[in-house]
1. Criterion first (within 16 Å of the ligand (Cβ to nearest atom), without any contact (Cβ under 8 Å) to a residue 12 or more places away in the chain and surrounded by fewer than 17 Cβ atoms within 10 Å (Cβ to Cβ)) does GLU290 satisfy it?
2. For the condition under 25 Å from GLY243 (Cβ atoms) and either basic (Lys, Arg) or at pLDDT 95 or above (or both), what is the one hit in ALA323, ALA319?
3. For the stretch 276-287: of the residues being within 14 Å of the ligand (Cβ to nearest atom) and assigned to a loop (DSSP other than H, G, I, E, B), which is farthest from GLY239 (Cα to Cα)?
4. Run down ARG139, ARG95, ARG122 and say which single residue is part of a strand (DSSP E or B) and among the basic types (Lys, Arg).
5. Mind checking whether some residue in the stretch 151-159 is within 16 Å of the ligand (Cβ to nearest atom), among the charged types (D, E, K, R) and not in a strand (DSSP E or B)?
6. Restricting to the stretch 331-350, give me the number of residues that are among the small types (Gly, Ala, Ser) and either within 17 Å of ASN215 (Cβ to Cβ) or in contact with a His (Cβ under 7 Å, 6 or more places away or on another chain) (or both).
7. Restricting the stretch 391-416 to residues that are assigned to a helix (DSSP H, G or I), in contact with a helix residue (DSSP H, G or I) (Cβ under 9 Å, 6 or more places away or on another chain) and at pLDDT 65 or above, which is nearest to LEU206 (Cα to Cα)?
8. Before we move on, is ILE308 farther than 27 Å from SER227 by Cβ, more than 10 Å from the ligand (Cβ to nearest atom) and in contact with a Pro (Cβ under 8 Å, 6 or more places away or on another chain)?
Amino acid sequence: MKEQKTMILIINCGSSSLKYQLYNPDLTEVAAKGLIARIGESGSYTEHQAGQMRARECRPVADHKAAFDVMVGNLMHSDLAVVDDARAITAIGHRAVHGGDVFMDSTLVTDTVLEELHACARFAPLHNPCNIAGIEECRRRFPGVPNVVVFDTAFHQSVPREAHVYALPYELYSECGIRRYGFHGTSCRYVSKAAADILNRPLEDLDMVICHLGNGVTLDAVKQGRSVDTSIGFGTFCGIPMGTRSGDFDPAIIFHLVKERGMSLEEVEALCYEKSGLLGISGFSNDMREVVEQAEAGDDRCALAVDIFVYQIKKTIGAYAAAMDGLDALVFTAGIGENSKEIRSRVCAGLGVLGVRIDERLNSMVRNGYPNISAANASVATLVVPTDEERMIALDTFRLVSGETRVPPPIAALEPTYAERV
Ligand code: ADP
């Protein structure tokens, strides 16, 4: 009989998509991964990858239950199947957006945990219900297999009161849970540990600012391994301007728009989440690559969108260095952080006052595996570290299911070229 492999399945169940990854047991390799997109919409499609082989298919996917059927088919019954049957899956890790102030860490799923997760849905009405649906579907399909849930908010539960309580009437905080929660915590946790590995220093010795710059943007102050301030707050549109989200602005503008311009609250909400940020300023695109290209071609509003983005990031780095009483490392990650040498260069220019100086030659060689782009005379290390939220979820799942702590292998060990530089 063929030897049955045992695998850890990672699920990211969103409102219209289901993403999955299947890890081998020692978490060094992704055996397969895939995406079911546009669930319940026209133009649904599925992508599945196993090793170097990829398959893409357009097919109707009516709902999340149908999406799970597709995932199981891809993993177990397709030409690119990697396991024989459901018994191969020994643990399942799930991403959940909001854990409120209840969950300080990832946790094994129980009925009580699910109830708490339902309660937290009042803070993330678009996301948590889908995350819960994914967990419930897995409990039905893989009975007896432990499920672990990993929260985007949990890493930021260490942010101290003076940084997470808003100066509103205190009862809103104590009775209604209105406070700064933060997001992208799974990414920031993974990247901060990976950065310490690259620097070959204990995480507990380092004060860092993580710049998670993707469609969503988080700047996170990580002092000795703990998040102590973070740019996203109660909702997900504040902090640094994002693809379509505004970032911080004076809330008096909301009253003005409602009272003087006759906008409904729903219209203002859509404006803040969907029509602002890079898209709102540029009037052209929410995609940084396109905005930068258009700015270089002479478009003034695209140039302004990039200027605002860079300025707000710089200002926040300075604020976080002050909040932490120092800065040892500045870390760029996610789509823009990992890929745009221009944005990295512009953010770092002028931060010499903090000890940040980058080597432009190394900055342009990141793609060749040079994560440390600091200049020789820098006192702050500037790094570019690819984020991997799924891997962080897999590590937590392994830890909680086995009771064994498995630290991520140093990035240097995974990417031989990194070792040359560090
Ligand atoms: P998400 O938050 O959806 O996971 P990503 O982390 O994939 O987002 O980041 C998407 C962003 O990264 C987009 O704005 C995209 O334009 C930007 N990006 C990707 N490559 C580049 C590049 N070479 N230069 C500038 N921006 C880039």
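The values are calculated or read from the model by the stated rules, or taken from the named source; none is laboratory data. A quick note: this is a predicted structure, and the numbers were derived from the prediction, not measured. Positions of Cβ are backbone-derived with ideal geometry, glycine not excepted, and every protein chain shown enters the neighbour counts.
1. Numbers: within 16 Å of the ligand (Cβ to nearest atom): yes; without any contact (Cβ under 8 Å) to a residue 12 or more places away in the chain: yes; surrounded by fewer than 17 Cβ atoms within 10 Å (Cβ to Cβ): yes.
Answer is yes for this residue.
2. ALA319
3. PHE284
4. Only one candidate passes the filter, namely ARG95.
5. Yes, some residue in the stretch 151-159 is within 16 Å of the ligand (Cβ to nearest atom), among the charged types (D, E, K, R) and not in a strand (DSSP E or B).
6. Selection size over the stretch 331-350: 4.
7. MET392
8. Numbers: farther than 27 Å from SER227 by Cβ: no; more than 10 Å from the ligand (Cβ to nearest atom): yes; in contact with a Pro (Cβ under 8 Å, 6 or more places away or on another chain): yes.
For ILE308, the condition - farther than 27 Å from SER227 by Cβ, more than 10 Å from the ligand (Cβ to nearest atom) and in contact with a Pro (Cβ under 8 Å, 6 or more places away or on another chain) - is not met.
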